[in-house]
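The block underneath contains the structure these notes are about, expressed in structure tokens.
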Amino acid sequence: MMDWKELSRQDQRTLQRLYGGGSLRNCDPDIISRLQQLGLIEGKERRERLSPFGRALLDHTHARLKVRLGAP
């Protein structure tokens, strides 16, 4: 599985935006294209969403962060 740290900060912000229920309106098309090529998002023309792989990456990253912070 891809690691969160392998992504650029811009890529991370874009994925967090989708994970939180937001849209990619006004996002850089190059970032969207790159994330689609990596298989992290799917869809097109303002209907992009996290792919199952993208959701798994963010769920895994979120779980690791909770453990690190000692959150329940």
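Return the calculated 222 nm mean residue ellipticity for the chain, to the nearest 500 deg cm²/dmol, obtained by summing -39500 (n - 2.57) across DSSP H runs with n ≥ 4 and dividing by the residue count.
-16500 deg cm²/dmol
Which of these, L38, L18, L57, has the largest mean-square fluctuation under a Gaussian network model of the chain (Cα springs below 10 Å)?
Taking springs between Cα atoms under 10 Å, the residue moving most is L38.
Within the chain, which trypsin sites (Lys or Arg not before Pro) sit in a loop by DSSP and count at most 12 neighbouring Cβ atoms inside 10 Å?
Counting only loop positions with at most 12 other Cβ atoms within 10 Å, the trypsin sites (Lys or Arg not before Pro) in the chain are R25, K44, R46, R47.
Would you indicate which of (1) 18.8, 56; (2) 13.1, 42; (3) 12.3, 39 is the value of Rg and Dmax of the Cα atoms in Å derived from the coordinates of this structure?
Structure-derived value, by its label: (3).
No lab work stands behind these numbers, since they all come straight from the coordinates. These figures come from a predicted structure and were not determined experimentally. Because the Cβ atoms are built from the backbone with ideal geometry, glycine has one as well, and the counts that use them run over all protein chains shown.
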